[in-house]
1. For region B:552-665, please report how many Lys pairs fall under 24 Å Cα to Cα, leaving out neighbours fewer than 8 apart on the same chain.
2. Give or take rounding to whole Å, what are the principal axis extents of the alpha carbon atoms in region B:496-546, in descending order?
3. Looking at region B:225-348, how many pairs of lysines come closer than 15 Å at the Cα, when each pair is eight or more places apart or spans two chains?
4. Under the classification rounded if a/c is under 1.5, otherwise prolate if a/b is larger than b/c and oblate if not, where does chain A fall, given a ≥ b ≥ c as square roots of the Cα gyration tensor eigenvalues?
5. Return the calculated 222 nm mean residue ellipticity for the protein assembly as shown, to the nearest 500 deg cm²/dmol, obtained by summing -39500 (n - 2.57) across DSSP H runs with n ≥ 4 and dividing by the residue count.
6. Helix A:467-481: angle to the longest alpha-carbon principal axis of chain A, degrees 0 to 90, nearest 10?
7. For region B:51-127 and region A:363-385, compute the distance between their C-alpha centroids and round to whole Å.
8. Give me the net charge of B:Glu520's neighbourhood, meaning all other residues with Cβ under 11 Å from the Cβ of B:Glu520; Lys, Arg count +1, Asp, Glu -1.
Amino acid sequence: MIKRKSPWVVSLIVIAILAVSLYSGEITNPKIRSLIENAPLKSDYPDADAIILYSNKNLILQSDGNYVNHFHYLIKSFNYMGKKDYGNFKIQYDEEYEEVIIDTARTINGLAKVDDVDKTGINTITPPWLSRGSIYSNVKEKVISFPSMQDTSIIELVGRIRTIKLPEEPYLGDRDLLELDNPVLEKTITIEVPEGTTLKYFNRNGAPEPTISGNRYTWRINDYKGIVAEPSSPPPFEYLACTYYSTATGWDQIGNFIKDKFNSKIEPDDAIRNKLEEVSSSTNTVETVKDIFLFVADKVRNVDMPLGIAGYTPNQASTVLKRGYGDTRDKCVLLISLIKAAGIDAYPAFVNDAGITIEEGIPFLKQFNKMLVLVSFKDGKKLWLDPFADNCKYGYIPDCMGERALVVYSDGARFEQVESYINVQNSANIKYDLTLEPGGGLSGDVKVFVDGYFDYALRYSIKDARPKQVEMEIEKAANTVASGAKLLDKTVSDMKDLTEPAVLHFSFEADKCASIQQDMVIFYVPIKPFEFTGLEFPVSSEGREFPILLPTAFEKKGEYEINVPADFNIEYTPENAQLENPLGSFSVTSEVKDGKIYYSYSIKVNKRHIAAGEYESFKGLVQGFLSPKNNLVLLEIKK
Amino acid sequence: MKRFIQQIIITILVLSFLFWVNCSHKPGIWEMPSGTNKADEELMQKIESAGSRMEYPNAKAIVIEDIDSTIFTPDGSFTQYNYSLTKLITLTGAKDYGTMGLPYDTLFFEIEIPLARIIQEDGSIINIPDSLITDETMSDLVMMDVFWTNIRRKVINFPELSSGSTIEYLIIYKTIQPRFEGIFDNSRYFQSDEPIKYSRSVVVGPASMPLDWKIRNDEDNLVSFDKKEMGELVKYTWEAQDIPQVIMEEGMPPFTDMAIGLLASTTTWRDYSKKIYEYLEPVMKTDEAIESKVAELIEGKESEYEKIRAIFYYVAQKIRYLGLAMSSREGIQPHPVTETFERQAGVCKDKASLLAAMLQSAGIEAYYVLSNPLNHVDKDIAASQFNHAITLAVTKDGKRYFLDSTDEFCQDMLPAYHQEQGILVCDKDGEDMEYLPSQPPEMNSGKVDIKSTIQPNGTLRGTATISGKGIYDEVIRQVVRMQEGAQLKRFIERLVNRVHPNSRIIEYNIEPDPIMNLYEDAVITIEFEIEEYAIMAGKYLLIKPVGLEYPFDIFVTTYLTMFTQLEERKFPLNIQFTSGVVSNEEIILPPGYKAKVLPESKSLNYKPGSFSMSYQFKDKLIFRNSIMINESEIPPEEYEDFRKIKEEMAESSSGLAIFIKDEQP
């Protein structure tokens, strides 16, 4: 017998359903509901701006080269910065090959208040970093702006990026960070490869092993506490758990892919050959290469965009030549083509200049963000060139010295070490000839000699500036020697000549520099005329958890001859000081002779990567050098 | 009317012809010839005689011609033709001009580029194909979390540029709808950062809508003017020749404030104010949700001021700054306040109107106000010069409170950078434009108090307390808000490290908690220690007061240092607000020392600023120093005095209190 339900029961059931739906908004997924209900508080993570409650990436690679990348994020903001970071969520994609589909986007301020993102809250923009290069690339950002976002809101975003057209480059591999600054409750990354395909992977910095189920590889992170980012750290891939993965069979597969793209574009044609004749008349191959390089580096405009953003197919060399601008691919193609036209071998090379280690066991192109050219002379000598280096002395490769680069030869792709052709010192030497005036003023000459990284930094600041602006920069430099300084004269070497060192010389006078206190005169030897020769190092913290990555290993020196008024007694000059440890050294010397003070300093840092465990030594070195007593001079006015 | 329309058509045709003739082009300019061809002799002559680096050593390019012609109609719609011929005279110029961005608003304008080409030194012409003209969103807006997809930029990519190339283009702007119905206004510049050989602006409009106009910053009277009556139309022409380039100086006011420029308008400030009010009125209706929130916020508040403050803090801090394009007059008309409230997000116009509506709901007289905190607004001409919106509340006793709800850190409700800037209150009867008053530096100054003890081994242990008023308080809050936990500790470590590289923090404290509680002043207290602080130099003990170089000052001395490095200035120094910092310090010395020499007290008072410093010793060393910046913009003739303040400060920073062992204890 079928019992008919009492109307009261029916009503109660209806009321219960309504109550649940009113209470729950639209969150029906029990796992998500639970995460929201039990979301941690800021007090649980006092250093974090937000917490990733749930993050799932599921990349499905199809055998035809297409792919779908599903994503699901549930993030709780803890504060103002968390709100800023996640309130406008950006998803990068290539409009030509991909589309972004948003299935769910909503702000959750408690389960009873769920606000969906409406269509006005989803916008497509050209990323700001692409604003002068949009001709090259169809990369866009989908921006999802979450409504009703407060400091402690939760956002949920579900969607996918999928191919709408077969991409130019097969999806061979990538790298993913499993850890970031913010803490994570649960994060999974799943890569599904086509049947019969093997995924090579390599975990770094303690990343967990994936669970492998057939052709699915899943990495999982749970209860990650987060980190506090430290200044001057290397990129996160260098110290946070991450994984590199690839379906490529080897670097030769990558090499062949590149050769297919580049070979036909590199072949010199009449336009290239004519240009070569214009650019170089030398019969010496080394000189010829130099002439070609100087033309490509300086005369062809750099379109600055990371490698890969616009794909890997360069334009024809003669097209690049005609246009007069190019990104890293195009300028390499042009450089190689011109060098080939001169009968010299040259090869494209791929490198990473952001300080991210290349995992040579996991072949995929996204490891690289820049291209170089390796020239190979008949006598076996090799020369590395960076066609984007329009602010460097010829032969210097900014940010890549000593890095491993993948060179695509005609017979295969191999890794080589990037080295400098010239003997680069990465040094700044400044010579001061100063006169302290009886009234406390200071006048003198300053000569600046720079090399390597410092040459690059100096040229960068003034090479393309207007003459009047160059003068302003040097005035500013004179003012860091002595406040209120008046520039009397200046000589600047031709910064546009990349074959000659950058030299700067100026003379100045300033009315006030030393402090006169009755019969005592206090003077600090000036040690910082230019920003690039300044000492800005992150040594204010007590300790560090993560390494430091400096722009370069370096050496800086200052040599001073300071004339002192005849009626001043030199009471105190800095005591000689020095320190040497495995990271570097510093020394300060001063001597009084014939009424003059001869002062010099040097500081040398031996490497750019400073491990966390070496921080104390590094701090000791820098702090020891910067001690105020190292440049204090005390004089007394004779009675 | 028919006659009027006929006249418009004739004028357009005539103007086009004149334009073409004056530009000396070949017939068929409006076509895009394929392949390359050669420029005619007259054009080449113009280019060759324009000059080179010899004549213009500081230029990267020479603008040979910069011409625009605008025709407007009674409803405020217009069509504008912009023509430019620019010769590149350096390689850097060739690189810089490789791309050219043209902003435009798709809600109000269509843009056509019928001409874009390069004329090479040999006369060959390269026409820019459509494929080299892209359309993108404005990156500047995106960086401010404004995602108005109607604001876009056309980018022309010029290939094959080298020193000696000349670029030529014509752009046509046509209104889709006027920004302000029945109003036409225009601004354009006769000067740029490159020299300009010839510049002309022509405006044609109905005689019934006469133009008020003004040329700004033209001390040498380079711009001439002509007016022609043409029946029902009037033609206004401004032109100038050989206009020198502006060489940018660090810290100068916005270029648009300094360059020779034209402002023109058919309206008055009162009518402008009324027009904005017309757009505003429909969006100001509140609903129950808003009214309920207002009631909640003002509950228990007795004075109108307290109510204003409560509502202001809510809008400033709870309504997120976010720009989403939702209306047909996006950028001009605020979103309905009910929508802004529901979304809890909006840009300045949305927040300002919501604040006004909420204040009105609380029974407080309130208005929407246009402002511009960055540029100088010219009072003489009612042209669009505003880029921001704030709110005015008026209490029953007639006191006015200007409120900027975009700034969530401002205790005073109007940040200091609004001082002396132009504003326009929008109400139904219309208001005239006015300028906000200047503020004395004390209203925006920092205060640093330091107490320390030096031990016999030279170690110093001390406590510094940092607080401030006005913008100083605001900056403290911003710094703290953006960094929490370990990041904040790192910031404090950096501050202390500025005293001495050996410094270390013992403890620190920030009040109030939360820092966004604007009812309490922001205060940072730091306890620190520095080994080997006092210098033993032979028989002397040398002590530099901890606050001598203002290490705990958040920004004042940085500004002073940054902006006094040039020997002289051609342009004013734009600091945007008055401010200062005062430091009081007491240092207890180790026993057994007496003062040998203390630096002399100093006091400098100039119109743009002042500096003072004093040392006293009696049982302990007492040190005081202060810097005040009295003007938000320092004219070139006062720069030297301003620089003297920095020089004095720098010289004083070499000073040391010198003590000597007391032979007689």
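Read-outs throughout are calculated quantities, based only on the coordinates presented, and are distinct from any laboratory measurement. Nothing here was measured: the structure is a model prediction, and the numbers come from that model. Positions of Cβ are backbone-derived with ideal geometry, glycine not excepted, and every protein chain shown enters the neighbour counts.
1. Step by step, the pairs that qualify in region B:552-665 add up to 18.
2. Taking max minus min along each principal axis of the Cα atoms, region B:496-546 gives 52, 16, 13 Å.
3. Numbers: B:Lys227/B:Lys235; B:Lys285/B:Lys293; B:Lys293/B:Lys301; B:Lys293/B:Lys307; B:Lys293/B:Lys318.
Here the count comes out as 5.
4. Details: a/c = 2.50, a/b = 1.45, b/c = 1.72.
In terms of gyration-tensor shape, oblate.
5. On the way: 25 runs with 284 residues, N = 1304.
Per the formula, -6500 deg cm²/dmol.
6. The answer is roughly 80 degrees.
7. Centre-to-centre (Cα) distance: 40 Å.
8. Values: positive: B:Arg477; negative: B:Asp473, B:Glu511, B:Asp513, B:Asp521.
Taking every Cβ under 11 Å from that of B:Glu520, the sum is -3.
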